[in-house]
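The block underneath contains the structure these notes are about, expressed in structure tokens.
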Amino acid sequence: MKSVVHRLEWLVESLGGLARLCILALVLLVATNVILRYLFSIGPVALQELEWHLVSPIALLGLSYSMKHRADVRIDFLYERFPARLCAASDLIAALLTVAVGAIIAWLSLAYVNQAYNLNEGSPDPGGLPMRYLLKAFIPLGFLLLVIQGIADSLRAIARIHDPATDLAPENKLSTETSA
Amino acid sequence: MIAHEWIVLGMIAGFLGLMLIGIPVAISLAVSGFVAGYLGFGTTLFSLMPARLYGVVTNYTLLAIPLFVFMGVMLEKSKVAENMLETIGKAMGGLNGGMGLAIILVGVLMGASTGIVGATVVTVGLLTLPALMRRGYSNSVSCGVICSSGTLGQIIPPSLVLILLSDIVGESVGALFAAAFIPGLVLALIYMAYLLVLGVIKPETVPAIPASERDDIDGTTLAKKLAADVFPPLMLVIAVLGSIVGGIAAPTEAASMGALGALIIALATRRLNWPLMKETLHGTLVITAMVFFILLCAQPFSLSFRGLGGEQMVHTLFEMLPGGEFGAILFLMALLFVLGFFLEWIEISYIALPMFLPVFMNYGTDMVWLAIMVAMNLQMSFLTPPFGWALFFLKGVAPPGITTKDIYLGAIPFVLLQALALVVLFQFPALVTWLPDTIGW
Amino acid sequence: APALVRAQESKSFNFKMTNAYPPGSPFYVQGPGSPTDFCNKVKAMSGGRLNISHFAAGELIPALEGFNAVAQGTVEMNAANAYFWAGNIPAAQFFTTVPFGMNTQGMMAWLYQGDGLKLWHELYEPHGLIAFPMGNTGVQMTGWFREPIESVKDLDGLKMRIPGLAGKVYSELGVSVRLLPGGEIFPALERGVIDAAEFVGPFQDRRLGLHNAAKYYYTTGWHEPTNVTELLINKEVWDSLPKDLQMMIQMAAQASVLESLSWSEANNADALKDLVENEGVIAQPLPEPIVSRLKEVTDDTLASMANADPQMKKVYDSYMTFKKKHASWAALSEKPLLNL
Ligand code: NA
Ligand code: NA
């Protein structure tokens, strides 16, 4: 079971790595656009559009990543008073609901992405970026990853209901001390 | 068929219930929204969902979120904030309440360059709480100062709260930044005045640093150190606010100047390396995604709320209120304050606020002023026991001697001071509107 | 049979209309001849048989998602401008406005009496859509400039907020095009992040406060000599409507064109007078050499775009032929009169 959990989370972590790179790219891109325009009056439409195109992978690939690193905001007023098995049960409900929400949204958005693909939708501005379906495809992808993280969390919770001492801790290479 | 009004009430109750049993806020929102929408309309309502989600992740204004978070996390990880605090503290040492004033000043400085609560409270808490306790500050005063200083950055521009509010009320980010500037300083001054008064009437709660400790360092060295440690954060303030005023960047873009500035500071102080970068990107992604998680999952909730006529219910409620615009504002403030007990500011902004806006548009209320009143109120919610975020963060890093009761007791005077600030803004709206009007924003 | 007819006549319809413009926008959302006014008209005309609930941008879906939503049938109608769909159908922009194209009279003549409306319907048919004009702002202004523009050289390196086709034409002349959402235009222009900004016309621009950020208001409406509001309807829904309701929609839309246009003309006249007399705005046409250079580039750009896209070519040819015909008539009828 442990290896299944870790294999699922490896996927979340890897695509999270891509999102981390997008953040660095975003910082450098927006700063570059500002400086290029101020100093040289250069501002290609495609580079301006790329700014907000980068937010989509950051936000959507980051969903499951933040859940994996337990940065999902929850109110632990009662939770912290629960006995261990009840905590595990609460975690299981949370994980199963996550799977459901992720699956519904991923399914709902497939037709939406497909429509953009069939239209070959692009930017209405000349010089803008083409292939909007790629941008839109991050919606089902991000929520599918959420389903995967939800499955991993469900397995973890089931193990703890079975035996509260089990701890299928996520393989964290990075600290999680920074949480909003 | 169940009446739509009952489904709306059930949706809200379900949301609160799920949260109480420990389900993450975002998931609670989405689940209650989907269930209520399904009960009311079957699946028809949800075909609109993907377009709304796409709207959230491609919203130009929200571009500033990862940029500001990056700046804040980088400042924390590269220990810039830590050095600044230590030096200002020493400079203020001789005065009763001096360390407290130093903490407020650091909050203002950090607040003027970034706008995320967590980083500041955690950093300031880790660094100063043990020192304050050692120097004989009362536990509750220490906790109150740290939490309130750490949340100042939300009202002092630039700030995430203001960016989201500008999107909601449809005013420019620049106008809200300008409008929040004076109120933010007023609040910091009220805090400082309180500490000075405390230093006179209850000096034992806020003692000065003992002379022996201050003598370790002479005036010139201190002045040099002060210049060296306060310089980098000041540069960031100039980079962000200066690039807007100086015509280099539009308000949303200005966040990138801060992020770039934080990167350059880390480079200049030779702290930038790949592990630090990786940790910063990790921290930024986790916080940014957490914000977007809630924004995205709020979509099924707000769509169902709108579809089921929830807005109409709110309007009816407002129409029943006595006192016209004044009554409505009073009610809104009271409601936000109560919601702040158990809801996070992002949900309050994105779920509760849009319902009320049309009412105030009808009254012709100044939207910039209203947004600042709301921001000040949300700011208060960060500090309000039992669910204030700042209080949670501090508890997370507090040494064993500090109890939850210390933190709650410490926060209460500052919550009252914020309420005072709110009354001041209500009585003197010019404090909000003067700056944006003068510069024409 | 008579009973059957009556049954169909009394059947009522509840539609949703989304809008590309934010809540409260005058002309685009509320006011005489606006989309909300259109919904009220249809409801009154049909005695409540056709009930259209209006949702401004962001209330149901984001601003520019109307095309996809109506095509999918998630909402029945949308109010916007056809040039917003240029990313889906490049030829669609001809049904809003064409740089150096026809004025409002000519555009209406082409749409209603020429092949315009027919071509529009032909273009949208494969997407399961049908569209009608539902409003017009009239001519739009070149925009607000922080410094006077005296020669083509002054455009080189100029930072301007200008979306769409006109942006492409300007960029050929060295302008650096900046895309900005409505709310950020003012602070950016006021602080000099951009040197110039195009928005709509005197009434709407004054509402945004642009005159407090830049004083030179160039008035030559070369890039948008007219501007048609589009009523977009799901084709299947349209076909399912009884003939009388179809007719009411068309008539209410035509009434909205007339009302919104006259509303714009009246308000723009007042607003421009106020801007010049009370706000120190310097309103003037662009110098002739600049206009001719812009026209050269526009003509080339349009021609090469038309050659690259057969759908666009067909619309372009019809539009240009009509424009030529209309221009020679107007040159002898309207033009001499306007100089008086
Ligand atoms: Na701030
Ligand atoms: Na325009």
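The values are calculated or read from the model by the stated rules, or taken from the named source; none is laboratory data. None of the values given here were measured: they were computed from a predicted structure. Quick reminder, even Gly has a Cβ in these numbers, built from the backbone with ideal geometry, and neighbours come from all protein chains shown. Keep in mind that these areas ignore ligands, DNA and RNA; they rest on the heavy atoms of the full protein, side chains included. Shrake-Rupley method; radii C 1.70, N 1.55, O 1.52, S 1.80 Å.
One line per residue, one yes/no per condition, for (1) in contact (Cβ under 8 Å) with a residue 40 or more places away in the chain; (2) within 17 Å of B:Pro157 (Cα to Cα):
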| position | (1), (2) |
| --- | --- |
| B:Phe231 | no, no |
| B:Val240 | yes, yes |
| B:Val245 | no, yes |
| B:Ala249 | no, yes |
| B:Leu276 | yes, no |
| B:His282 | no, no |
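Kindly establish whether C:Gly164 is under 18 Å from C:Thr301 (Cβ atoms), away from ligand 1 (no atom under 16 Å from the Cβ) and at pLDDT below 95.
Yes.
Check off (1) aromatic (Phe, Trp, Tyr); (2) more than 16 Å from ligand 1 (Cβ to nearest atom); (3) open to solvent by less than 10 Å² (accessible area, probe 1.4 Å) for B:Tyr38 and give me the number that stays unchecked.
(3)
Here's the yes/no breakdown for (1) more than 30 Å from C:Leu180 (Cα to Cα); (2) open to solvent by less than 40 Å² (accessible area, probe 1.4 Å); (3) more than 22 Å from the chain's Cα centre (by Cα):
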{"position": "B:Leu226", "(1), (2), (3)": "yes, no, yes"}
{"position": "B:Leu234", "(1), (2), (3)": "no, no, no"}
{"position": "B:Ala239", "(1), (2), (3)": "no, yes, no"}
{"position": "B:Ser243", "(1), (2), (3)": "no, yes, yes"}
{"position": "B:Thr252", "(1), (2), (3)": "no, yes, no"}
{"position": "B:Leu267", "(1), (2), (3)": "yes, no, yes"}
{"position": "B:Thr284", "(1), (2), (3)": "no, yes, no"}
{"position": "B:Pro322", "(1), (2), (3)": "yes, no, yes"}
{"position": "B:Phe326", "(1), (2), (3)": "yes, no, yes"}
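Would you be able to say whether some residue in the range A:90-104 is open to solvent by 50 Å² or more (accessible area, probe 1.4 Å), of a type in the set (Gly, Ala, Ser), within 9 Å of another protein chain (Cβ to nearest Cβ) and over 30 Å from B:Pro385 (Cβ atoms)? So that I can check it myself, show each step before the final result.
Here is the first cut: in the range A:90-104, the residues open to solvent by 50 Å² or more (accessible area, probe 1.4 Å) are A:93, A:96, A:104.
Okay, now just the ones that are also of a type in the set (Gly, Ala, Ser), so none.
No - not one qualifying residue is present in the range A:90-104.
Looking only at the range B:182-212, how many residues end up being buried (at least 19 other Cβ atoms within 10 Å of the Cβ) and within 13 Å of ligand 1 (Cβ to nearest atom)?
Count: 4.
Determine, yes or no, whether C:Ala131 is crowded, with 22+ Cβ neighbours inside 10 Å and either in contact (Cβ under 8 Å) with a residue 12 or more places away in the chain or more than 16 Å from ligand 2 (Cβ to nearest atom) (or both). Outline the logic, then answer.
Values: crowded, with 22+ Cβ neighbours inside 10 Å: yes; either in contact (Cβ under 8 Å) with a residue 12 or more places away in the chain or more than 16 Å from ligand 2 (Cβ to nearest atom) (or both): yes.
In short, yes.
All but one of (1) touching a Lys or Arg at 6+ places or on another chain (Cβ under 6 Å); (2) closer than 22 Å to C:Tyr21 by Cα hold for C:Val152, so report the exception by its number.
Condition not satisfied by C:Val152: (2).
Does at least one position in the range C:237-244 carry a residue that is closer than 27 Å to C:His127 by Cβ, surrounded by fewer than 15 Cβ atoms within 10 Å (Cβ to Cβ) and in contact (Cβ under 8 Å) with a residue 60 or more places away in the chain? It would help to see each step written out before you state the result.
Initial filter on the range C:237-244 (closer than 27 Å to C:His127 by Cβ): C:237-244.
Next cut, surrounded by fewer than 15 Cβ atoms within 10 Å (Cβ to Cβ) only: C:239-240, C:243-244.
If we keep only those that are in contact (Cβ under 8 Å) with a residue 60 or more places away in the chain too, we end up with C:244.
Checked the range C:237-244: at least one residue is closer than 27 Å to C:His127 by Cβ, surrounded by fewer than 15 Cβ atoms within 10 Å (Cβ to Cβ) and in contact (Cβ under 8 Å) with a residue 60 or more places away in the chain.
Scan the helices (runs of 4 or more DSSP H) fully inside the range B:230-345 and keep the ones with 3 or more residues being among the hydrophobic types (A, V, I, L, M, F, W, C) and closer than 30 Å to B:Val359 by Cα. Steps first, please.
Details: elements: B:251-268, B:274-307, B:310-320, B:324-342.
The helices (runs of 4 or more DSSP H) meeting that bar are B:274-307, B:310-320, B:324-342.
Scan the range B:128-150 residue by residue and report those that are at pLDDT below 85 and within 16 Å of ligand 1 (Cβ to nearest atom).
B:Gly150
For B:Leu16, which of the numbered conditions (1) more than 7 Å from every other protein chain (Cβ to nearest Cβ); (2) among the hydrophobic types (A, V, I, L, M, F, W, C); (3) surrounded by 22 or more Cβ atoms within 10 Å (Cβ to Cβ) fails to hold?
(3)
Name the residue that is nearest to the other protein chains (Cβ to nearest Cβ), counting only residues in the range A:7-33 that are more than 15 Å from A:Val147 (Cα to Cα) and not hydrophobic (A, V, I, L, M, F, W, C). First the steps, then the outcome.
Filtering the range A:7-33 for residues more than 15 Å from A:Val147 (Cα to Cα) gives A:14, A:17-33.
Checking the rest, the ones that are also not hydrophobic (A, V, I, L, M, F, W, C) come to A:14, A:17, A:20, A:32-33.
On the way: A:Ser14: 13, A:Gly17: 9, A:Arg20: 4, A:Thr32: 9, A:Asn33: 7 Å.
By that ranking, first place goes to A:Arg20.
Of the conditions (1) of a type outside the set (Gly, Ala, Ser); (2) out of contact with any strand residue (DSSP E or B) (no Cβ under 6 Å at 6 or more places or on another chain); (3) at pLDDT 95 or above, C:Asp274 satisfies every one except a single condition; which number is it?
(3)
Condition first: within 14 Å of another protein chain (Cβ to nearest Cβ), more than 16 Å from ligand 2 (Cβ to nearest atom) and open to solvent by less than 10 Å² (accessible area, probe 1.4 Å). Can you find one or more residues in the range C:156-174 that meet it? Full working, then the answer.
Filtering the range C:156-174 for residues within 14 Å of another protein chain (Cβ to nearest Cβ) gives C:156-174.
Still in the list and also more than 16 Å from ligand 2 (Cβ to nearest atom): C:156-159, C:171-174.
Going one step further and asking which of them are open to solvent by less than 10 Å² (accessible area, probe 1.4 Å), we end up with none.
Scanning the range C:156-174 turns up no residue that is within 14 Å of another protein chain (Cβ to nearest Cβ), more than 16 Å from ligand 2 (Cβ to nearest atom) and open to solvent by less than 10 Å² (accessible area, probe 1.4 Å).
Taking the condition of being open to solvent by less than 20 Å² (accessible area, probe 1.4 Å), out of contact with any strand residue (DSSP E or B) (no Cβ under 9 Å at 6 or more places or on another chain) and within 14 Å of ligand 2 (Cβ to nearest atom), how many residues in the range C:175-202 meet it?
Matching residues across the range C:175-202 total 2.
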